[in-house]
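Notes for the one structure printed next.
The values are calculated or read from the model by the stated rules, or taken from the named source; none is laboratory data. Bear in mind that the values here come from a model prediction, so they are computed numbers and not experimental data. Note that each Cβ is placed from the backbone with ideal geometry, even for glycine, and that neighbours are counted across all protein chains shown. Side chains included, ligands, DNA and RNA excluded: accessible areas come from the protein's heavy atoms. Shrake-Rupley method; radii C 1.70, N 1.55, O 1.52, S 1.80 Å.
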Amino acid sequence: MDPLTALALSGNVFQFAQFTAGLLRNTHKIYSSAHGASSTNSHLEDICKTLIEFGESLKTISTSPPRDIEGDVNGGGNDHSSGPEGETIARCVASCAKDCEQLLAIVTKLKAKAGKAPRCWSSFRTALAEVWKSSEIDDLRQRITDQQLELTGLLTAVSARNIKRMDLKLNQLREIGDACKSVSLASDAKLDQLCQALQSTLRSIPHRDPTYTSMEDLCSSVSKLSIDVRQYARETEILVSLNYQELPLRHDKIEAAHAATFGWALRDPGHDSSAAVPRPATSLRRWLSSSNGLFWVSGKPGSGKSTFMKFVADNPATKKHLQLWARDRRLLVVDHYFTIHGTPIQRSLEGLLRSLLYSILAKERALIPKLMPKRCDTQPRPLPPLEPWTQPELESILRAIAKEPELSVNICFFIDGLDEYAGDHLGICQTLRELSLSPFVKVCVSSRPWNVFEDEFGNSEDGKLCIHEISRPDIQRFTISVLSSHPRWRLLDTLRDASGGTSMSLVDDVVEKANGVFLWVSLVTRFLREGLTNDDSLLDLRRRLSAFPSDLEDFFRHILDSVDSFYSNKQASALLIALHAGRPLEVEMYMFHDIEYDNEDYALEEPAELLPLTGEEEDVLFRPVFRRLNGRCKGLLERNGKCIDFLHRTVHDFLRTPAMHSFLTERAEPGFCPSLSLLRCSTAWLRRRAFPTLPLSGSHSDDLTSLFARHIRELLEYAAQSDAQGGVYTSSTAILLDNLEMGLPALVSRGQLPAHMSPPRARSLYRFLVLEAAIVGYSRAKLASAAYVTGPGIFTARSPLSAVLASSSKPYVRWGIRALRKLGYGPNDDYEDGTPWAQFVGDCTPAVISQARTIEQYPPQSPALQRFAMALENGTFLKLLQKGADVEAMTHLASKGSRKCPVWLKLVMAAVQMPSLPKYIEPYCRVMELVISEAKPKLINTTMWNAYHLQTPFPKINTAVGQQVLLRIGRDILSKINHDAEAFAAARKWFSAAFPDRPDLPEFTAVGEKQLSKGRKRKGAGQASEARKHRKIGLGEGRREP
């Protein structure tokens, strides 16, 4: 029995005891001096009614499901025992129920007698004595007294248990707050309010009388508080799921604008007449206060677009101007910064959508249950885990916010770096333009002046700003500020060189050569300051300046050539691993890379100690790394928090050119392989890193999404690249991977992995990820025998075939299917997470069912569609079906933890996605022909079709291509169920939901008529055959008769 149920039940028993004791002790108050039958009947009616209510309440509460505080908060539905007092309470309930029945029988008799003789009962006590013996009354009174005493102790014990549990929930609330520190002040206030309410309830418990009313009030307050806490916890869980680790990184990396720059963008008219700027420079300020929805900031590479966007988005003056547009409504300013040199989510549409929604909903939590009622439903016990976000769902929520009629805020989005978005640029432009049509939404974007952005955003002169065309005054002020801050500048300020030039003429030359590119100016002034430190004359500085190429890429090459030749190979290798990593690397990676010059086998050694955790230790350890990189790369690689990143995207783009890649390869040590070097660094780093964070539930599926698995996958990407080089690189890769696997038990014993991770489980996870990574040479060697995929605790949750199927390499997948089939592994093998075939379909087929239970249509560039397209292109569906894959196996509709459906039905629903993949329509239809043929027996299920029609109807399909695909699939399915008219009608109804403008659907009707006609023909043919048979038999008999 859980504590809240025990508390409520004890309160009811206690109240019954009090009522009965009072009834026996103070009968004169019950009957008093009333006269007449109606009065007596009234009192007895009340007593009878009360006793009936007691009896029902005791039965109801004692059989009701548990209301656990812990379950109320986190969604658990477990029946936590309330300890030994639970059995005693249950016994008291049974005893009170029996007493209640006895009293009810007596009062019923009294009621009947009172109706006949209203004046004969001077007291209820006397009345009871006539229907009950005095000894029985005394026994009842004693039992009631004993129950009161016992229940007092029990209520105290249960209350104490609740105090502990509520205190635990208070701590969990604080943890919720810690997990979402940056949500918003409004969230913090809500959390504080809940904590204060819970603390107040805790403080009040010791002072409460153990009475029913007091306990009921306590139960009610705790229950209400639990609901509030559950709702808050669910909303916080949603916010945390929208947030992602890399979200603030790009914003933080962008340098703050220099104090001498960009002030003109937000300056009020007439603020400073001496600082007048051309009208284009004031276009942003005017747009902020106007009703126009869209603004575009464009500029050359390195012209300062990102710095400008950060300056505007973070500036208090921006809100001042926007408030003129918002008037008396509240205002939200939301920003996002794309970066092409980062993790995939930092350059994706999903990253943008999650970033915007997180920023909005963290400040407007009231919108969460309104926009996502399914995700916010806290009724199920236990609460299901949140399903992963899908791009269509994120887009629909953002559109709903823009169209929300009761939205009480105006929102201004600042979105930087559209040219760094790794997707369909035209599509994202149209999405943002659609958002800007809302009267409550403004959108300011920045990008390079590419044609796609010029066409979409460049038509309005008042709605755009070309930053490199108006930044000359800023560049001049910046140059003067940076150079004049050097102590030797003032000595040059009064001098002239041999040609009559002054320090100001040097500044003018810098401004002229800059051509509006701030990055160039920043680098040039850095080198000029070095000249000032070296006591260069004004003429020397002018010579330095003339030696710097005005073209940014030529300038980068000049910087590389200026480094001491002693560092050439280390400079080249550092830049090469930065390029090959594809993201900013941790400082430790460069620290380990330095060790490689002296000891290539350093990654094979067990660590003497883990990496330092304190800031002071890190500073001591990493400071030399920063200094060495700065000396070798002259600022082209720079520190960004605990990572090393390129100075600017233009540096990254420049070094990726074929010419520069060849240049760096020639400079590096002979035989240097960036991917093998990264594998060594990653192995050494992982051996010294702790991964204590638990996965969501400790399940094997959650192991695959853990932080440890994420870093192993990254390491294995480098391994696959190194393995593909062949020769010595393949053998070196194998040695590193084997050594890392052998070291997993040591990671477990040192507590570097989550507590639930045993050595066999860690080894199984590692081998699964190895097979998933398509390290061709290594995997071929390992799968030469069954030893790699067998053994205690190895591949218990998922088949090794599931790992192979997760690869994007067509040759590798086909080889893996054959190799594992030889070892006895097939698509229908049953594992904890289902069959490999069901897992494959569930993982790579678009998650068509949203939280709102509608079938979602994905944009062409979405990762979900790309996985599906790859599986069709590689022929994986057909290959597995030919190997006997079971089309009736159950897979998840949308994601793990969601409802399930047969594989064939999920593949049918994928038809709605095919307009986005026109190239793959024929491969898809070939797959579906085989699927439908295999699924034929299951298609004759009227109940199933009706259920899906109600729960997951097809959305309206507007494209001709989509309609043709669905009609083709629908006709094939309907033709298979011709002999069941009811199933045929139900299936036709489900498919018809996609064509609301064509209710008759002659294509489907024709199939039905054709099948019915076939049925009639078969029936008629059967009858004719039977008649011919009889005629033939009759003729034969007649001939034999004579």
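General remarks:
- For beta carbons closer than 9 Å, sequence separation of 6+ or different chains, a first residue in segment 541-560 that is within 18 Å of Leu647 (Cα to Cα) and a second that is among the polar types (S, T, N, Q) and surrounded by fewer than 16 Cβ atoms within 10 Å (Cβ to Cβ), the qualifying pairs are Glu553/Thr657.
- Taking the numbered list (1) within 30 Å of Asp645 (Cβ to Cβ); (2) modelled with pLDDT under 90 in turn, Ala276 passes all entries but (1).
- Evaluation of Ser503 against (1) open to solvent by 10 Å² or more (accessible area, probe 1.4 Å); (2) over 31 Å from the mean Cα position of the chain (by Cα); (3) modelled with pLDDT under 90 (one fails), failing number: (1)
- Any chance Ala422 is open to solvent by 30 Å² or more (accessible area, probe 1.4 Å), in contact (Cβ under 8 Å) with a residue 40 or more places away in the chain and within 23 Å of the chain's Cα centre (by Cα): yes
- Residue match in segment 607-614 (condition: modelled with pLDDT of 90 or more, under 28 Å from Ala720 (Cβ atoms) and either more than 29 Å from the chain's Cα centre (by Cα) or surrounded by 11 or more Cβ atoms within 10 Å (Cβ to Cβ) (or both)): no
- Boolean, Gln430 is open to solvent by 10 Å² or more (accessible area, probe 1.4 Å), within 26 Å of the chain's Cα centre (by Cα) and either among the aromatic types (Phe, Trp, Tyr) or closer than 25 Å to Gly342 by Cα (or both): yes
- Residue within segment 775-783 that is among the aliphatic types (A, V, I, L, M), buried (at least 18 other Cβ atoms within 10 Å of the Cβ) and touching a residue at least 60 places away in the same chain (Cβ under 8 Å) present: no
- Count of segment 617-636 residues, restricted to those that are open to solvent by 40 Å² or more (accessible area, probe 1.4 Å) and assigned to a helix (DSSP H, G or I), is 9.
- Only one of the numbered conditions (1) free of Cβ contacts under 8 Å to residues at least 12 places away in the same chain; (2) under 26 Å from the mean Cα position of the chain (by Cα) is violated by Met742, and that is (2).
- When Leu769 is tested against the conditions (1) open to solvent by 10 Å² or more (accessible area, probe 1.4 Å); (2) touching a residue at least 60 places away in the same chain (Cβ under 8 Å), the lone failure is (1).
- Scanning segment 905-933 for residues that are of a type in the set (Val, Ile, Thr) and within 24 Å of His979 (Cβ to Cβ) yields Val908, Val931, Ile932.
- For segment 543-593, filtered to residues that are in contact with a helix residue (DSSP H, G or I) (Cβ under 6 Å, 6 or more places away or on another chain) and open to solvent by 50 Å² or more (accessible area, probe 1.4 Å), the residue that is farthest from Thr502 (Cα to Cα) is His580.
- Only residues that are outside any loop (DSSP other than H, G, I, E, B), in contact with a helix residue (DSSP H, G or I) (Cβ under 7 Å, 6 or more places away or on another chain) and open to solvent by less than 30 Å² (accessible area, probe 1.4 Å) were counted in segment 883-909, giving 8.
- Answer residue from segment 850-882, given it is farther than 25 Å from Trp815 by Cβ, among the hydrophobic types (A, V, I, L, M, F, W, C) and crowded, with 20+ Cβ neighbours inside 10 Å and is modelled with the lowest pLDDT among those: Ile855
- Inter-residue pairs, beta-carbon under 9 Å, first more than 14 Å from Ala981 (Cβ to Cβ) and in segment 934-945, second open to solvent by 90 Å² or more (accessible area, probe 1.4 Å) and assigned to a helix (DSSP H, G or I), 6+ apart: Met944/Lys938
- Verdict on Leu352 being within 27 Å of Leu266 (Cα to Cα), touching a residue at least 24 places away in the same chain (Cβ under 8 Å) and surrounded by fewer than 19 Cβ atoms within 10 Å (Cβ to Cβ): no
- Some residue of segment 578-588 being assigned to a helix (DSSP H, G or I), within 33 Å of the chain's Cα centre (by Cα) and either without any contact (Cβ under 8 Å) to a residue 40 or more places away in the chain or over 29 Å from Thr343 (Cβ atoms) (or both): no
- Residue count, segment 279-335 (criterion: small (Gly, Ala, Ser) and without any contact (Cβ under 8 Å) to a residue 40 or more places away in the chain): 2
- Only one of the listed residues (Ser785, Ser809) is at pLDDT below 95, among the hydroxyl-bearing types (Ser, Thr, Tyr) and within 20 Å of Ala720 (Cβ to Cβ). That residue is Ser809.
- Residue within segment 393-407 that is farther than 21 Å from Leu322 by Cβ, hydrophobic (A, V, I, L, M, F, W, C) and touching a strand residue (DSSP E or B) at 6+ places or on another chain (Cβ under 9 Å) present: no
- Among the residues of segment 724-739, the one identified as farther than 17 Å from Ile577 by Cβ and open to solvent by less than 20 Å² (accessible area, probe 1.4 Å) is Leu737.
- Tyr825 vs. criteria open to solvent by 30 Å² or more (accessible area, probe 1.4 Å), at pLDDT 90 or above and of a type in the set (Ser, Thr, Tyr): yes
- Of the residues in segment 359-372, none is closer than 30 Å to Asp653 by Cα, open to solvent by 20 Å² or more (accessible area, probe 1.4 Å) and within 18 Å of the chain's Cα centre (by Cα).
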